[in-house]
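Chemist: To start, I am sharing the structure in question, which I have written as structure tokens.
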Amino acid sequence: MPVWPKNVYTFGVNLLTAAAEWKVRRRQGAPARQERTRAALVDRLAATSFWREAGVEPGMSQAAFRRQVAPCTYE
């Protein structure tokens, strides 16, 4: 096995550390992204007649949506 200078190993470890830190930061931001996506979807659902009849309104909270709309299948 070849012997590399110490700075080559250090550089590789720094890259791995940066990659791990990036993954952790992405996971921590997931709840906020999920909430923005849910809010956008509720607004789009509220624009259709089917969901308006079901009681969906623009800007509805997650709890209100769960109370108003019962789980159902496609059929």
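None of the figures in this text is laboratory data; all of them are computed from the coordinates on show. Small disclaimer: the values here were computed from a predicted structure and weren't measured. So basically every Cβ, Gly included, is an ideal-geometry build from the backbone, and we count neighbours across all protein chains shown.
Chemist: Here are labelled values, (1) 46; (2) 38; (3) 62, and one is the computed percent of Cα pairs over 18 Å apart for what I pasted. Which one?
Modeler: (3)
Chemist: A follow-up question, please. Dipole magnitude of the chain about its Cα centre, charges +1 at Lys/Arg Cβ and -1 at Asp/Glu Cβ only, in debye to the nearest 20? Display every interim value, and only then the final one.
Modeler: Working: 12 positive and 6 negative charges, 72 e Å.
Using only the charged Cβ atoms, the result is roughly 340 debye.
Chemist: Work out the charge dipole of the chain with +1 on the Cβ of Lys and Arg and -1 on the Cβ of Asp and Glu about the Cα centre, then indicate which of Gly59, Ala39, Pro5 is farthest towards its positive end.
Modeler: Pro5
Chemist: Using helices alone, I'd like the mean residue ellipticity at 222 nm for the chain: each DSSP H run of four-plus residues gives -39500 (n - 2.57), total over residue count, nearest 500.
Modeler: Details: 4 runs with 53 residues, N = 75.
The helix-only estimate for the chain comes to -22500 deg cm²/dmol at 222 nm.
Chemist: I've got another one for you. I'd like the FRET efficiency for Phe11 and Ala40, computed as 1/(1 + (r/R0)^6) with the beta carbon distance as r and R0 of 30 Å, rounded to 0.05. Please report the intermediate quantities before stating the final value.
Modeler: Working: r = 41 Å, r/R0 = 1.37.
My answer for the efficiency is 0.15.
Chemist: Roughly speaking, what is the stretch gain from Ala70 to Arg52, that is 0.36 nm per residue apart minus the C-alpha to C-alpha distance, in nm to one decimal?
Modeler: On the way: separation 18, 0.36 × 18 = 6.48 nm, distance 1.39 nm.
The Ala70-Arg52 span can extend by a further 5.1 nm.
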